[in-house]
Amino acid sequence: MILDKLPAKKVLLSVGTITVLGALLVVGFKLTHPPVSDTDYKSRMDAKTFFAKNGKDADEESLPIINGRLEWLRERYGPPPADFAQRLIREWEKQQRRYPNQVPGAVLTEGSPLWTSIGPRNAVLTQNGVSLNVTDSGRLRTILPHPTDPNIVYILTSGGGIFKTTNFTSARSLWKPITDTLLTTSGGSMSFGRDPGTIYLGLGDPFDYAVGGVVVKTTNGGDSWSSYVTLANAKLVTDIKVDTSGTTDVVLVGTDVGVFRSTDGGATYTAVPQISGAPLSLYAWSLVKTSAGWLVSVADQATGISTLYLSTDRGANWGPVSGSPTGAGRTTLGVGAPGDSVVYAYAATTADAAQLDLFRSADGGLTWTALGITDKAPTNPNNDQPTMDLMAGQAFYNQMILVDPNDDSRNTVYLGGQLSSAKSTNGGQSWTLLSNWLAQYGLPYVHADFHTAAISNATGSPTLLFGSDGGLFVGTNGGTQWDSSKNKSIVSHLIYALSTSGTDSDNITIGLQDNGTRVRLASTGTFNQTIGGDGFGTGWSQANGQYVIGSLYFNIIKYSEVVPNRQRKWESARGINTSDGSFYTPIATPTAVADPSGAVFFTATKRFVYKTTNGGQNWVALFKGQPGTTYFRATAHSVGVHPTNLNRIAVCGPGGTLYITTDGGVNWQAQDNKVSDYAGFNSNVAWANDDTLYVSSENPNGQSFYVVKSTDGGVTWEAASNGLPLVPVSKVLVSQKDPSGETLYAATAIGVYESTDGGSNWHLFGAGLPAARVSDLYMPADGSFMRVATYGRGLWQITLP
């Protein structure tokens, strides 16, 4: 259909007849039924709600960023279908059989190009309103220090799998990824078996749209892994614990559909009948062994209410604890050692709206006493943390509790939440803050959003290990001193997007989940943070390297006309209606041929398409959709620009709709790009020339094709997916080196694929890339190399012939 014209210097007001989008009833930010298309759910976290309390100039941790991110994911995908993980596993298996010499660790075929990791491995400067000489890595899920060897430590990251060091006590520990050969690097939880060489690993991070619901096992410290075992319809793993009291390990696994149990050392698993539910029902968040038996906290996602269950027969049978804390939502349990009578429960309120309290039990979890900490002031309050409400507005996300096993009374307890961590030495009666997210108020730096903790006693002097959105932090002297340097060489950042200078390929900028926008300015693994918060779309001039673009949530865009190695060099863009923004801010960077000035970039909000012609300083609307009837999909690469003509722009819409202009935005057409068994969920559009366009899909529900092609400017479409795995595709890149436009690359959930015939056939490209989700692709104009971003295993590069 032809859309209304946009008069000069005016905004498009209507778009003709477009299907009105529906909304689903949600309870506690959970869908009551899965969507059948990408038009079924619209995010409840709009810009007005997001900035309601503190405004656009508020610091990041006063904003509901995690809620915003989860709502953004729900709008894009909905909840994962029950068979999501199983389908992706089957596709991964097919690719393993088809390309055995290209998987990580395989013997390479001669001449096969090899992917090389290029970081981030370090930072020497983090800037977020303040400047700190600290370093970070990606979000952690579990920390396992070896019980007797102080040099061996394992960490499980959310998107990068397990990293292991064998020289932890050295000044600079070296970390090695040990799960790159597995079907995914998305981490759920892990636990030692009866010896520290045995580790049970559950795959599937509970806070991202991930492949999971799978358990694997190593008996040699990660040198090799067993075949994976799927857990029925589970899609993620929240916790794993092992009962070693018998002759065989009994493994208990918490998931999004209840508890699973293995009685044969992890060879098989069965669902616990008393704690199992349909998808979207029962989250088994936390497992501990106490003097009364095994305890698990189970949150009913339909009601938002959490209940404790107890087993006295090593997890075979469970019953609810009548004395469970009332009014609780997600709850994290803590004991100093398995079998303790003293147990703590750190709980959110019903539906995880806020922090409820810390509870203490002296009888193994049968009865509980509320300690009343939430409104209590610590001994050293500050403006960020005036009370012990550590969870703040993210009670469903940041919960950490650690009970010190060295205190026989079990009165020494550590808690972590959003901005701070704290310690009590009298069983929760009083508290002292230990850290601050920006090293303010005389407190040391530990990155915000705490998830896990452990104590290592192997050196004879207790060492605290905290895990947060910023990776691993090491505490000594009872938590009064903290060190971030152990994050060096942990390549686990969750990267949304990357850009590279068109004139100096060593210069890179990336946007990361809760680790800001980072910049590299040499051939190094060091990437320094120069914008805080969640970093999203980025851009760097291809013609001259003069302008750099960074972004945050809801289309807040920063620009720099010099190399942005310092936060003060970024300026705020003008002209964008951020109230119409989506949580994710996409940035499209034209080629040097299309934009010899290097000053043109594009972005899109929910209904607007914007263009800047002065390097990001000022933005002008090229298109505005009618409220309630038109909006664009909020994906990382929703805007596509022609490789030689800035007048040709396309933007991904929902329901298999593509919005196209060929005259610089004066006129727009809404084209249906669906084909049979291609249901939409458009993620990216790529132009090859005036007539040929490619569109990719991130549909989680399964379909026969994930890339479609038009050879008549978007009027008609056909499948272009033969050889591609049937998994979500984030981006398609058309090689500038091939004038025919037939050489393509696809960023998928399990690797990078290449086509040399316009999408008629695809094959796995390169060797050695872990099965982390590939989030972005970059190739310079001369086609000399390809660079990719992954969501959990950093940046990788390959040399092209």
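The values are calculated or read from the model by the stated rules, or taken from the named source; none is laboratory data. None of these values were measured; they are calculated from a predicted model. Methodologically, a virtual Cβ is constructed for each residue, glycine included, from the backbone with ideal geometry; neighbour enumeration extends over all protein chains shown. For the accessible areas, the whole protein counts, side chains as well, though only heavy atoms, and no ligand, DNA or RNA atoms are used. Shrake-Rupley method; radii C 1.70, N 1.55, O 1.52, S 1.80 Å.
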Q | Label-point separation, Glu93 to Thr109 (7 Å along Cα→Cβ), nm | A | 2.3 nm
Q: Once you have the Cα-Cα distance between Asp313 and Val124, take 0.36 nm times their residue separation minus that, and quote the gain in nm to one decimal.
A: 62.9 nm
Q: May I ask you to derive the FRET efficiency for Asp738 and Val715 from their Cβ-Cβ distance with R0 = 25 Å, giving the value to the nearest 0.05?
A: 0.55
Q. Once the other residues with Cβ under 10 Å from the Cβ of Leu521 are scored (Lys, Arg +1; Asp, Glu -1), what is the net sum?
A. -1
Q: Kindly express, to the nearest 10 degrees and within the range 0 to 90, the angle between helix 84-98's C-alpha long axis and the longest C-alpha principal axis of the chain.
A: 70 degrees
Q. About the Cα centre of segment 369-496, what is the dipole size in debye to 20, counting +1 per Lys and Arg Cβ and -1 per Asp and Glu Cβ, all else neutral?
A. 180 debye
Q.
So for each of 738-748, 457-467, 230-240 I average, over its residues, the number of other beta carbons within 10 Å; can you give me the resulting order with the highest mean first?
A. 230-240, 738-748, 457-467
**Q.** Which labelled figure in (1) 49; (2) 29; (3) 44 is percent of Cα pairs over 41 Å apart, once derived from the coordinates
**A.** (2)
Q.
Just to confirm the number: angle between the C-alpha axis of helix 65-77 and the first principal axis of the chain, 0 to 90 degrees, nearest 10?
A. 60 degrees
Q) Across segment 567-581, in residue order, what do the Karplus-derived ³J(HN,Hα) couplings come to in whole Hz, using 6.51 cos²θ - 1.76 cosθ + 1.60 with θ = phi - 60° and x for Gly and Pro? A) 4, 5, 7, 8, 10, 8, 6, 10, x, 9, 7, 5, 5, 9, x
Q: Evaluate the distance, in nm, between pseudo-label points positioned 7 Å from the Cα of Ala781 and of Ser760 along their respective Cα→Cβ axes.
A: 3.1 nm
Q: Report the extension gain between Leu800 and Asp690 in nm, rounded to one decimal, defined as 0.36 nm multiplied by the number of residues separating them, less their alpha carbon distance.
A: 37.0 nm
Q: Give a residue-ordered list of calculated ³J(HN,Hα) values for segment 147-153 (Karplus: 6.51 cos²θ - 1.76 cosθ + 1.60, θ = phi - 60°; whole Hz; x for Gly, Pro).
A: x, 10, 9, x, 8, 9, 9
Q. Over 18 Å between Cα atoms, which of Lys376/Lys423; Lys164/Lys486; Lys217/Lys241; Lys558/Lys624; Lys164/Lys488; Lys674/Lys709 qualify?
A. Lys558/Lys624
(Q) For a test of the definition: using alpha carbon positions, the gyration tensor, and the 1.5 limit on a/c, classify segment 222-314 as rounded, prolate or oblate. (A) oblate
Q) What does the charge count near Arg793 come to, summing +1 for each Lys or Arg and -1 for each Asp or Glu among other residues with Cβ under 11 Å from its Cβ? A) 0
Q.
Please report the accessible area of Glu754 (heavy atoms, 1.4 Å probe, ligands and nucleic acids excluded) in Å², nearest 10.
A. 30 Å²
Q. Using a 1.4 angstrom probe and counting only protein chains, how large is the accessible area of Glu93 in Å², to 10?
A. 60 Å²
Q) What list of ³J(HN,Hα) values in whole Hz, one per residue of segment 289-294 in order, does the Karplus curve 6.51 cos²θ - 1.76 cosθ + 1.60 (θ = phi - 60°) give from phi, with Gly and Pro shown as x? A) 9, 10, 5, 8, x, 8
Q. With the Cα gyration tensor of segment 673-772 giving a ≥ b ≥ c as the square roots of its eigenvalues, does the rule (a/c under 1.5 for rounded; else a/b larger than b/c for prolate; else oblate) give rounded, prolate or oblate?
A. oblate
Q) Once the Cβ-Cβ distance between Lys48 and Arg566 is put in as r, and R0 is 51 Å, what FRET efficiency do you end up with, to the nearest 0.05? A) 0.95
Q: Work out the length of the dipole vector of segment 554-654 about its Cα centre, built from +1 on the beta-carbon of each Lys and Arg and -1 on the beta-carbon of each Asp and Glu, and round it to the nearest 20 debye.
A: 180 debye
**Q.** Most to least packed among 653-664, 339-350 [average Cβ atoms within 10 Å]
**A.** 339-350, 653-664
Q: Summarise the accessible area of the chain (1.4 Å probe, protein heavy atoms) by the percent that is carbon and sulfur.
A: 50 percent
Q) Where only protein heavy atoms count, and the probe is 1.4 Å, what is the accessible area per residue for the chain in Å²? A) 32 Å²
Q. Quick one: if the Förster radius is 60 Å, what FRET efficiency do Asn220 and Val620 give, using the C-beta to C-beta distance and rounding to 0.05?
A. 0.50
Q: At 1.4 Å probe size, with no ligands or nucleic acids counted, give the accessible surface of Arg74 in Å², nearest ten.
A: 40 Å²
Q.
Run the simple label-point estimate for Asp264 and Asn457 please: 7 Å along Cα→C-beta, distance reported in nm.
A. 3.6 nm
Q: Under 12 Å from the Cβ of Phe602, count the other residues' Cβ atoms, weight Lys and Arg +1, Asp and Glu -1, and hand me the total.
A: +1
Q) For the peptides 689-695, 491-497, what is the packing order when you average, over each peptide's residues, the other Cβ atoms within 10 Å and list the highest mean first? A) 491-497, 689-695
